[in-house]
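Read through the structure below, which is laid out as structure tokens, and then see the notes.
The values are calculated or read from the model by the stated rules, or taken from the named source; none is laboratory data. Nothing here was measured: the structure is a model prediction, and the numbers come from that model. We place every Cβ from the backbone using ideal geometry, glycine too, and count neighbours over all the protein chains shown.
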Amino acid sequence: MTRKGFLTFPAGFIWGTATAAYQIEGAWDKDGRGMSIWDTFTRQPGRIQDGSNGDVACDHYHRWPADLDLMAELGLKAYRFSIAWPRILPEGTGKVNQAGLDFYSRLVDGLLERGIQPYVTLYHWDLPQALQDQGGWPQRTTAESFGEYSRVVGRRLGDRVQHWITHNEPMVMAYLGHLLGQHAPGVQDLMAALATAGNLLVSHGLAVQALRSVCPANAQVGITLNLSPVHPASETDLDRQAALRHDLATNRLFLDPVLKGSLPDELAELLGPLLPQLSPADLKVISEPIDFLGINYYSRTVVRHAPDSPLHQVAQVQPSGSEYSQMWEIYPDGIRELLTRVWKDYGATYSRGLRLLVTENGICVPDGVDYDGRVRDYRRIRYLRDHLGALWQAMQEGVPLDGYFVWSFPDNFEWAFGYTLRFGLVYVDYATQQRIVKDSGHWYAKVIRDNGLDTRPGGAFLPL
Ligand code: IFM
């Protein structure tokens, strides 16, 4: 801390924002793009709250130069985006669509010309429909196809992209996509969900190997997990045990194989025959050394023992007396708790020296355009300020954190919620595609300029 109430970040701290292909690009049938599972899912009646889809979304596919100009105006140092697999390999494997690669190549050049570092996510949930038709993620062959796709992208962009993220939130793909059926492909099958988790993990390792084989030696490769500290709803033994089970089934199912090369014994006890079938050779692939771990944090998870619930007999509780966004409890200290725990349990002992990044953090609140054209999203500013404060605290406690990415740059297609929720620093009028930088966007630009955070009461609002 340099002066009272002002939190200074290390020189070179990476200030960024994040998006995902299906949520912003639109142009679903342009230039040879194949169908993805989200094109299929959104066309099934009742799947999406407002009946919408990503056909147009923010039309970023056509408007990317102006979007990148806006990022440069706000002073962003990095931009995390995902590549749509069906643009690159419309059938999921085999014939490469050069027009798809050309699009991302131009995007990368556009970022570098503006002094913004690209952070590329290879998979943010838009599996080619052709692979789904052959069984999708519950099949091991899909993991192998992901390795092939990663090699194709790495070969084309590796000369300019230094930072690679194999997967975004595999837990969501496994459970929301294959157990709860709330996301594409809409499957509700416990076995399929856990097989998906296993194959996503293997595919991560195959992608790391593929990237290392085609990218320059200084390539930085990692994975992004959505993690959440799990708290028991009460101090009873039953609820405490429930919290441990939930931590195993959501956090440790992914952390342990990637960073320790093993599945926790307690998970084997919990899942029995449902445990993802991973051989020692698979675990070796999954734990292929990485350079950084990306963490997406939005909220903590509070759970109670619930004997009738599937998978692990746990139910989530919304504690009373907390503040909530449209989706989740607001719990800033959770990011400090999570980062220090991940560092202690995994990072500090990681042989090759692991760096951490917060690859997503943000909030959806009902935003509106005021009479003068401004979007005064003070709750978002407060959320971001409080989370950055807690994250700064984690760094004081010894966590080597390299950067922070706000979710999201523009408002966008929020999966099963369609366009009903807004997460952006930039407001999108979907009827006209006009962009308006929200007050939070201006506030974030000031944080970046200052390389630090004004936490004095009212300080967050001073630059506005
Ligand atoms: O919009 C999503 C994103 O695709 C993945 N992480 C959470 C965000 C908010 O729900």
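When L68, L76, L7 are checked against the criterion of being assigned to a helix (DSSP H, G or I), within 30 Å of L453 (Cα to Cα) and modelled with pLDDT of 95 or more, L68 stands alone in meeting it. The set of residues in segment 114-137 that are touching a residue at least 24 places away in the same chain (Cβ under 8 Å), surrounded by fewer than 24 Cβ atoms within 10 Å (Cβ to Cβ) and charged (D, E, K, R) contains only R114.
Say we look at segment 126-148 and pick out the residues that are touching a strand residue (DSSP E or B) at 6+ places or on another chain (Cβ under 7 Å) and assigned to a loop (DSSP other than H, G, I, E, B); which of these is nearest to the ligand (Cβ to nearest atom)? Out of the qualifying residues, it is D126. Here segment 303-352 is the region considered, the condition is being more than 25 Å from L388 (Cα to Cα) and among the charged types (D, E, K, R), and the residue that is farthest from the chain's Cα centre (by Cα) is D308.
So if I check each of L70, L89, L111, L76, which one is in contact with a strand residue (DSSP E or B) (Cβ under 7 Å, 6 or more places away or on another chain), surrounded by fewer than 19 Cβ atoms within 10 Å (Cβ to Cβ) and either on the phi > 0 side of the Ramachandran plot or in contact (Cβ under 8 Å) with a residue 24 or more places away in the chain (or both)? I'd like the intermediate steps shown before the answer.
Values: L89 fails: surrounded by fewer than 19 Cβ atoms within 10 Å (Cβ to Cβ); L111 fails: surrounded by fewer than 19 Cβ atoms within 10 Å (Cβ to Cβ); L76 fails: surrounded by fewer than 19 Cβ atoms within 10 Å (Cβ to Cβ).
Matching residue, one of L70, L89, L111, L76: L70.
Could you tell me whether segment 74-83 includes any residue that is closer than 17 Å to L111 by Cβ, hydrophobic (A, V, I, L, M, F, W, C) and within 16 Å of the ligand (Cβ to nearest atom)? Let's see the steps before the verdict.
So in segment 74-83, the residues closer than 17 Å to L111 by Cβ come out as 74-83.
Among the residues that remain, those that are also hydrophobic (A, V, I, L, M, F, W, C) are: 74, 76, 78, 81, 83.
Among the residues that remain, those that are also within 16 Å of the ligand (Cβ to nearest atom) are: 81, 83.
Yes.
Within segment 249-268, being surrounded by fewer than 16 Cβ atoms within 10 Å (Cβ to Cβ), part of a helix (DSSP H, G or I) and touching a helix residue (DSSP H, G or I) at 6+ places or on another chain (Cβ under 9 Å) holds for one residue alone: E266. Scanning segment 227-261 for residues that are without any contact (Cβ under 8 Å) to a residue 24 or more places away in the chain and under 27 Å from the mean Cα position of the chain (by Cα) gives L244, D247, R252, D256. Of note, F6 satisfies the criterion of being aromatic (F, W, Y) and either at positive phi or touching a Ser or Thr at 6+ places or on another chain (Cβ under 8 Å) (or both).
Per-residue answers, yes or no, for (1) surrounded by fewer than 21 Cβ atoms within 10 Å (Cβ to Cβ); (2) within 28 Å of M71 (Cα to Cα):
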position: S325; (1), (2): yes, yes
position: P332; (1), (2): no, yes
position: E337; (1), (2): yes, no
position: T359; (1), (2): no, yes
position: P366; (1), (2): yes, yes
position: D411; (1), (2): no, yes
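Quick test for you: out of I335, I290, pick the one residue that is in contact with a His (Cβ under 9 Å, 6 or more places away or on another chain), in a loop (DSSP other than H, G, I, E, B) and either within 20 Å of I223 (Cβ to Cβ) or not β-branched (V, I, T) (or both). Result of the check over I335, I290: I290. Annotation: of all residues in segment 415-427 being out of contact with any helix residue (DSSP H, G or I) (no Cβ under 7 Å at 6 or more places or on another chain) and farther than 20 Å from D126 by Cβ, the one that is surrounded by the fewest Cβ atoms within 10 Å (Cβ to Cβ) is T420.
Any chance segment 431-453 includes a residue that's crowded, with 22+ Cβ neighbours inside 10 Å and part of a loop (DSSP other than H, G, I, E, B)? Within segment 431-453 (the criterion being crowded, with 22+ Cβ neighbours inside 10 Å and part of a loop (DSSP other than H, G, I, E, B)), the answer is yes, since at least one residue qualifies. Looking at segment 339-352, can you tell me whether even one residue there is in contact with a helix residue (DSSP H, G or I) (Cβ under 8 Å, 6 or more places away or on another chain) and within 16 Å of the ligand (Cβ to nearest atom)? Scanning segment 339-352 turns up no residue that is in contact with a helix residue (DSSP H, G or I) (Cβ under 8 Å, 6 or more places away or on another chain) and within 16 Å of the ligand (Cβ to nearest atom). Could you please let me know if R151 is part of a helix (DSSP H, G or I), within 16 Å of P90 (Cα to Cα), in contact with a helix residue (DSSP H, G or I) (Cβ under 8 Å, 6 or more places away or on another chain) and more than 16 Å from the ligand (Cβ to nearest atom)? Yes. Scanning segment 1-54 for residues being free of Cβ contacts under 8 Å to residues at least 60 places away in the same chain and touching a helix residue (DSSP H, G or I) at 6+ places or on another chain (Cβ under 8 Å) gives a total of 5.
Mind telling me which of the residues G424, G373, G368 ends up being closer than 18 Å to N296 by Cβ and outside any helix (DSSP H, G or I)?
Details: G373 fails: closer than 18 Å to N296 by Cβ; G368 fails: closer than 18 Å to N296 by Cβ.
Criteria check complete, one pass: G424.
Taken over segment 370-387, the criterion of being among the aromatic types (F, W, Y) and free of Cβ contacts under 8 Å to residues at least 12 places away in the same chain is satisfied by Y371 alone.
Filtering segment 404-419 for residues that are in contact with an Asp or Glu (Cβ under 8 Å, 6 or more places away or on another chain) and farther than 24 Å from G294 by Cβ leaves a non-empty set. Criterion first (surrounded by 12 or more Cβ atoms within 10 Å (Cβ to Cβ), of a type in the set (S, T, Y), modelled with pLDDT of 95 or more and away from the ligand (no atom under 16 Å from the Cβ)) does T17 satisfy it? Against the criterion (surrounded by 12 or more Cβ atoms within 10 Å (Cβ to Cβ), of a type in the set (S, T, Y), modelled with pLDDT of 95 or more and away from the ligand (no atom under 16 Å from the Cβ)), T17 does not qualify.
Going residue by residue through segment 280-298, is there one that turns out to be within 16 Å of the ligand (Cβ to nearest atom), among the aromatic types (F, W, Y), at pLDDT 95 or above and surrounded by 21 or more Cβ atoms within 10 Å (Cβ to Cβ)? Yes, segment 280-298 has at least one match.
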